[in-house]
1. Whether any residue in region 167-190 is modelled with pLDDT under 80, of a type in the set (S, T, N, Q) and loosely packed, with under 14 Cβ neighbours inside 10 Å is what I want to check.
2. Do any residues in region 60-84 that are assigned by TED's automatic domain parsing to the domain that holds TYR31 have Cβ atoms under 6 Å from those of residues that are small (Gly, Ala, Ser) and surrounded by 12 or more Cβ atoms within 10 Å (Cβ to Cβ), where the two are at least six apart or on different chains, and which pairs are they?
3. Looking for something crowded, with 16+ Cβ neighbours inside 10 Å and farther than 27 Å from GLY178 by Cα - is there at least one such residue anywhere in region 93-112?
4. Among the residues of region 53-74, are any surrounded by fewer than 16 Cβ atoms within 10 Å (Cβ to Cβ), touching a Gly at 6+ places or on another chain (Cβ under 8 Å) and closer than 24 Å to ARG201 by Cα?
5. State which residue is modelled with the lowest pLDDT when the search covers only region 1-18 and only residues that are under 14 Å from THR174 (Cβ atoms) and out of contact with any Leu (no Cβ under 7 Å at 6 or more places or on another chain).
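The values are calculated or read from the model by the stated rules, or taken from the named source; none is laboratory data. Just so you know, these numbers come straight off a predicted model, no measurement behind them. Heads up, the Cβs are rebuilt from the backbone with ideal geometry, glycines too, and the neighbour counts pull from every protein chain shown.
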Amino acid sequence: MAAIPIWHIHGKEGMVGSGFLARSMGKLGFYTAAHLLTKKSLSTTDWTSWAPILTAKIGPGRETAMELFSGPRAEPTPMFAFINTGEIVADMICLRSPAVLALAKHYEVLQFAEDTTTPGLPIVCEGYPHRQETWPSSEPSRIAGTAKRIAHDGHILLSTDMIAEEGFSGGPVTDQAGNLRGMLIGSDHDGTRIVPQTVLRYL
């Protein structure tokens, strides 16, 4: 089981989603989608709009909290790796902290695929869809499909009859050998969108 159910409460609002562990260049990291952590439609470097703490489930009735920022709340400093152009933050972050090591005792650590994902490759998306009565389920849900094409922004588009529900965002995408191929960030009119592992490596 690779997908990890995560959530946060920020003011009067909350968000649920997924994340995962992966090792790149010998470093263990926790990866998830940036849009899960901010109250704005686009993630920006206005860190005061982000949730300060992310919580992950580590077993029945057990959870662990991961701090995302250091320093005063009025001027927080991110403790995660991110990519930004101007004030906009790309929809992915990677956290490396002692809390991440604790997660590795309970969840699979994925390895990055070495080659580029090409159209036609069978892939599987894993996550925890938001169903009010049952979230998070004991096992993650899965969406199987094939890599359809590469969009103009570099995202992989998934060819599948299923649409990723709320809660799948931030979940891992793997190939049939279990290698990490990317991270699911949502669905739109083009289909289910995936950040490829070649981009995640920059974090």
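1. no
2. Cβ pairs passing all conditions: THR64/ALA56; THR64/ALA99; THR64/ALA102; MET66/ALA99; ILE83/ALA90.
3. No, region 93-112 contains no residue that is crowded, with 16+ Cβ neighbours inside 10 Å and farther than 27 Å from GLY178 by Cα.
4. No: zero hits.
5. MET1
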